[in-house]
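The values are calculated or read from the model by the stated rules, or taken from the named source; none is laboratory data. Given the structure is predicted, the values throughout are model-derived calculations rather than measurements. When we count neighbours, we look across all protein chains shown, and the Cβ atoms used for this are built from the backbone with ideal geometry, even at glycine.
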Amino acid sequence: MTTAKPSVDPIDPKLVRKLADILKETELTEIEVEQGDLKIRVARQLTAAPVSNYAVAPQAYAPAPAAPVAAPAA
């Protein structure tokens, strides 16, 4: 005895491509379409730019100002 599988409409690749284009154009991260029993969800992952940690270069210290020279006593 064989079990009958429910008929599923094949997914239209043009529809998926169209949904992906909509994601790009609108900068959305996901979109879902439902037509009868068919439900398609297209999502994209956003990758963050890698964070670079840089050490701050040590700063050279400025020499302390020289003390004023006193005038010679007369």
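Cβ contacts < 6 Å: first residue of a type in the set (D, E, K, R), restricted to region 56-69; second residue surrounded by fewer than 10 Cβ atoms within 10 Å (Cβ to Cβ), any location; separation 6+ or different chain. Result?
none
Rundown of residues vs (1) more than 26 Å from the chain's Cα centre (by Cα); (2) among the charged types (D, E, K, R); (3) at pLDDT 80 or above; (4) surrounded by 10 or more Cβ atoms within 10 Å (Cβ to Cβ), yes/no style:
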residue	(1), (2), (3), (4)
Leu23	no, no, yes, yes
Ile40	no, no, yes, yes
Tyr54	no, no, no, no
Ala62	yes, no, no, no
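Please determine, by comparing only the residues of region 25-48 that are of a type in the set (Asp, Glu) and not in a strand (DSSP E or B), which one is farthest from Asp12 (Cα to Cα).
Applying the filter and picking the extreme gives Glu27.
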